[in-house]
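Undergrad: Here's a structure for you.
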Amino acid sequence: QVQLVESGGGLVQPGGSLRLSCAASGSIGSIYVMGWYRQAPGKQRELVAAITNGGGTNYADSVKGRVSISRDNAKNTVSLQMNSLKPEDTAVYYCNGGGATRGYWGQGTQVTVSS
């Protein structure tokens, strides 16, 4: 069992940046894919970005060019660097390990983009 804890959320103005971090209680080295999802009020949870053990990445079209995901298997952390934030990026962001269907989830961190 791996527990995931997110941090780094907060209130930021449009155009600003945030870096989200996810710390795992155990090793993530054996978890093929780690990802970040988000859920805005009244909307379904959606994938923001994912990264495999080999470093392959996948991004939602809505964040491409503005977001970068990274993982450090030695430190058991996953990060999400978000730049040029927009109001529509406002959501609770969740760290995931192992995929949306059977994977591990963190408790989420709120990101609010507003002037």
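The values are calculated or read from the model by the stated rules, or taken from the named source; none is laboratory data. Quick caveat: nothing in here was measured; it's all calculated off a predicted structure. When we count neighbours, we look across all protein chains shown, and the Cβ atoms used for this are built from the backbone with ideal geometry, even at glycine. For the accessible areas, the whole protein counts, side chains as well, though only heavy atoms, and no ligand, DNA or RNA atoms are used. Shrake-Rupley method; radii C 1.70, N 1.55, O 1.52, S 1.80 Å.
Undergrad: Just to be sure I understand: with springs between alpha-carbon atoms less than 10 Å apart, which residue in Asp72, Asp89, Asp61 has the highest mean-square fluctuation in the Gaussian network model of the chain?
TA: Of Asp72, Asp89, Asp61, the Gaussian network model singles out Asp61 as fluctuating most.
Undergrad: Still on this structure, I have one more. Could you sort Leu18, Leu47, Leu11 by their accessible area in this structure, using a 1.4 Å probe and putting the largest first?
TA: Leu11, Leu47, Leu18
Undergrad: I need two numbers for segment 58-103: Rg to one decimal and Dmax as a whole number, Cα atoms only, in Å.
TA: Cα-based Rg and Dmax for segment 58-103 come out at 12.1, 34 Å.
Undergrad: Give the accessible area for Ile31 in Å² (nearest 10); use a 1.4 Å probe, count only protein heavy atoms, and leave out ligands, DNA and RNA.
TA: Here the residue's solvent-accessible area equals roughly 20 Å².
Undergrad: Still on this structure: Can you work out ³J(HN,Hα) from phi for every residue in segment 58-69, in order, using Karplus 6.51 cos²θ - 1.76 cosθ + 1.60 and θ = phi - 60°, giving whole Hz and x for Gly and Pro?
TA: Once θ is set to phi - 60°, the couplings for segment 58-69 become 9, 10, 5, 4, 5, 10, 4, x, 10, 10, 9, 9 Hz.
Undergrad: While we're looking at this one, here's another question. Find the relative contact order for the chain and round it to a whole percent, using C-alpha pairs within less than 8 Å whose residues are 6+ positions apart. If you can, show how the numbers build up before the last one.
TA: Details: 281 pairs, mean separation 42.6, N = 115.
The normalised contact order for the chain reaches 37 percent.
Undergrad: Using a 1.4 Å probe, what is the accessible area per residue for segment 1-66, in Å²?
TA: 55
Undergrad: Please list the three semi-axes, largest first and in whole Å, of the ellipsoid equivalent to segment 11-77, using sqrt of 5 times the eigenvalues of its alpha carbon gyration tensor.
TA: Working: eigenvalues 102, 37, 33 Å².
One finds semi-axes of 23, 14, 13 Å for segment 11-77.
Undergrad: So for the chain, considering every pair of alpha-carbon atoms, how many percent are separated by more than 19 Å?
TA: More than 19 Å apart: 38 percent of the Cα pairs in the chain.
Undergrad: Restrict the search to segment 1-64; then list the trypsin sites (Lys or Arg not before Pro) that DSSP places in a loop and that have at most 10 other Cβ atoms within 10 Å of their Cβ.
TA: Passing both the DSSP loop test and the Cβ count: Lys43, Lys64.
Undergrad: Mind ranking Tyr94, Tyr32 by accessible surface for me, highest first, 1.4 Å probe?
TA: Per-residue accessible area, sorted high to low, gives Tyr32, Tyr94.
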